[in-house]
Each structure stands twice: as structure tokens, then as C-alpha cells.
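A.B. asks: Next up is a structure, given as C-alpha cells.
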Amino acid sequence: MNALSMNASSHDRSNDQSDAVQQGKASGSLSVLSDERGSVAIEFAFVAAVFLAILFGIISYGFQFATRIALSYAVTEGGRAAVAGLDAGQRETYATNAINRALDAYSPLIDPASAALDLQETEDTQGNRLLVRIDYTDTRFSLLPFIPAPEATMRVETIFVVTDPSG
């Protein structure tokens, strides 16, 4: 019985293989459509494209926000330094030096040559008002066509009130 069952099982296997070969020949176009070997790569390509677009968008906006924060810091440092001046000329010198130091500290991110400083001092009943403004023009942050670019010129300004503490 063992020999008979072995012959029957080997015969069944050879029939299965020949049926599979004949089915493959008969339905060649169906086997191509049912083949799933490359589907993971295609799905990864779709997901990776969306993922990379989001990632580079985050990086692009990060550069824009970091630039705005660095400019705000430079304006604040200029105003703080200007308050120590005793007259308008000294305030302008102190503010300009402090702003240039702050912009140089951020020089990999900010090009100090692209920054235009503006200092205006006015006087009223509360004291002297010092307007510190930086207009910054830089097109390095327009990296991706589907990310909105920042304004052509970033403007950061703050008004500081300088009073005489003696009254």
C-alpha cells in the first residue's frame, strides 16, 4: 500500500504542476495582473513623495520663521543699546553697532548685507521715541514652488521710549 500511495501522490503532484503550467500559458495576461511583487515599491513612491513634500515644506517655513525671529532679536538689541545713549547721535551709534553684531551672529541664516537699518527719533511729552526698523530682502527661502514665499521685503520694527529718569 505504501508503494501504491507514493505513486498516486507523485502522479497527483505532476498533474498539479502540468495544470499550473498550462494555466500559466493559457492565461498569461491574467498572471501579469495578479503579480504583486512591485506593488510595495509603487505604494512607497506615492507615500514618499507626499512625505518629502511635507518635510521640505516644514524646513522651508522653519527657515522663514527663524529669519523673522533673528530680525526681531536684532531690532530688540538695537533698541536696548540705544536707550543707553545720552543724545541722538550716540543712540544711533549704539543701536547700529548692536544690530550689526546681532545680524553677524546669525550670518549663516541672515545675510547682513541684505538688511537695511532705519533709526528715527521723535520727541513728545513722554520722552523721546526711537523707531528701530530693519527691512530685509532675501530670496533664498523660495525653495519649493508649492510653498508660498514670504514677502519680498521682511520688515521688523519696534518703538522704544527713551525718558530721562531724573524727571
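A.B. asks: Taking only pairs six or more apart or across chains, which ones have beta-carbon atoms under 9 Å, a first residue in the range 120-138 that is loosely packed, with under 12 Cβ neighbours inside 10 Å, and a second residue that is at pLDDT 85 or above and hydrophobic (A, V, I, L, M, F, W, C)?
C.D. replies: Short answer, once both residue conditions are applied: 122/130; 122/131.
A.B. asks: Another one. Select from the range 110-119 the residues that are part of a strand (DSSP E or B) and touching a residue at least 40 places away in the same chain (Cβ under 8 Å) and write down the one among them that is surrounded by the fewest Cβ atoms within 10 Å (Cβ to Cβ).
C.D. replies: So, considering only residues that are part of a strand (DSSP E or B) and touching a residue at least 40 places away in the same chain (Cβ under 8 Å), the one surrounded by the fewest Cβ atoms within 10 Å (Cβ to Cβ) is 119.
A.B. asks: Evaluate the following for residue 26: is it over 20 Å from residue 141 (Cα atoms), modelled with pLDDT under 85, more than 11 Å from the chain's Cα centre (by Cα) and surrounded by fewer than 11 Cβ atoms within 10 Å (Cβ to Cβ)?
C.D. replies: On the way: over 20 Å from residue 141 (Cα atoms): yes; modelled with pLDDT under 85: yes; more than 11 Å from the chain's Cα centre (by Cα): yes; surrounded by fewer than 11 Cβ atoms within 10 Å (Cβ to Cβ): yes.
So residue 26 passes the test.
A.B. asks: Is it the case that some residue within the range 96-106 is basic (Lys, Arg), at pLDDT 90 or above, in contact with a strand residue (DSSP E or B) (Cβ under 6 Å, 6 or more places away or on another chain) and at negative phi? Write out each step before concluding.
C.D. replies: Here is the first cut: in the range 96-106, the residues basic (Lys, Arg) are 101.
Now drop any that are not at pLDDT 90 or above, which leaves 101.
In the following step, the residues that additionally are in contact with a strand residue (DSSP E or B) (Cβ under 6 Å, 6 or more places away or on another chain) were identified as none.
The answer is no, given that none of the residues of the range 96-106 is basic (Lys, Arg), at pLDDT 90 or above, in contact with a strand residue (DSSP E or B) (Cβ under 6 Å, 6 or more places away or on another chain) and at negative phi.
A.B. asks: Can you give me the number of residues within the range 133-167 that are closer than 30 Å to residue 58 by Cα and either of a type in the set (A, V, I, L, M) or part of a strand (DSSP E or B) (or both)?
C.D. replies: To start, the set of residues in the range 133-167 that are closer than 30 Å to residue 58 by Cα comprises 133-158.
Those left that are additionally either of a type in the set (A, V, I, L, M) or part of a strand (DSSP E or B) (or both): 133-137, 143-144, 147, 149, 152-158.
Residues meeting the conditions: 16.
A.B. asks: Moving on to the next point. Taking the condition in contact with a helix residue (DSSP H, G or I) (Cβ under 7 Å, 6 or more places away or on another chain) and in contact (Cβ under 8 Å) with a residue 60 or more places away in the chain, does residue 91 pass?
C.D. replies: Against the criterion (in contact with a helix residue (DSSP H, G or I) (Cβ under 7 Å, 6 or more places away or on another chain) and in contact (Cβ under 8 Å) with a residue 60 or more places away in the chain), residue 91 qualifies.
The values are calculated or read from the model by the stated rules, or taken from the named source; none is laboratory data. All values derive from a computational prediction rather than experimental measurement. Backbone-built Cβ (ideal geometry, glycine too); neighbour counts: all protein chains shown.
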